[in-house]
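The structure under discussion appears below in the form of structure tokens.
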Amino acid sequence: MELYGYGTIIPARLDATFSALADPTRRAILARLASGDASVAELAKPFAMSQPAISKHLKVLERAGLISHSLDAQRRPRRLEAMPLAEATEWLERYREFWEKSFLRLDDLLEELKAKEKKSARPKKRGNRK
């Protein structure tokens, strides 16, 4: 059953994704991970915050399924997980289609109004005088 336009997307997972994406630090972390795996220390480097603060952001991203980690000797590199982003994109895509259709209807209305304006702006023909 489709509820509120979710289709096969699980609403709780979508909520977790958007909640995680709401923070600019977490979005920056995801952007960094898009170029490859990184340790917590590497992820913390560009931010003016403590490593424990970065770890809290990482936990939010992990709970949302947006990142994962593996054990590599002493490192625990984080990796971007794209599936939740794909699901969010799929959900947003429906609204893009809605807006495109709305804009097409608006374009049609504007063309109709321009045609009416052009028609009413034509000078009226006078009768032939000799």
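The values are calculated or read from the model by the stated rules, or taken from the named source; none is laboratory data. Source: prediction; values computed, not measured. Here the Cβ positions follow ideal geometry from the backbone for every residue, glycine too, while neighbour counts run over all protein chains shown.
A few points about this structure:
- Filter pass, residue 70 being under 27 Å from residue 9 (Cα atoms), hydroxyl-bearing (Ser, Thr, Tyr) and either within 16 Å of the chain's Cα centre (by Cα) or exposed (fewer than 12 other Cβ atoms within 10 Å of the Cβ) (or both): yes
- Test for residue 20: is it of a type in the set (A, V, I, L, M, F, W, C) and modelled with pLDDT of 95 or more: yes
- Going through (1) surrounded by 16 or more Cβ atoms within 10 Å (Cβ to Cβ); (2) under 24 Å from residue 13 (Cα atoms) one by one, residue 63 falls short only on (1).
- Residue match in segment 101-114 (condition: of a type in the set (Ser, Thr, Tyr), modelled with pLDDT of 85 or more, closer than 30 Å to residue 33 by Cβ and out of contact with any strand residue (DSSP E or B) (no Cβ under 8 Å at 6 or more places or on another chain)): no
- Those residues of segment 52-61 which are within 14 Å of residue 76 (Cα to Cα) and without any contact (Cβ under 8 Å) to a residue 12 or more places away in the chain, in sequence order: 59
- Top-ranked residue of segment 48-62 - restricted to ones that are at pLDDT 95 or above and out of contact with any helix residue (DSSP H, G or I) (no Cβ under 6 Å at 6 or more places or on another chain), ranked as nearest to residue 83 (Cα to Cα): 62
- Between 32, 78, 26, the distinction of being surrounded by 12 or more Cβ atoms within 10 Å (Cβ to Cβ) and within 24 Å of residue 11 (Cα to Cα) belongs to 26 only.
- Verdict on residue 38 being exposed (fewer than 15 other Cβ atoms within 10 Å of the Cβ) and at pLDDT 90 or above: no
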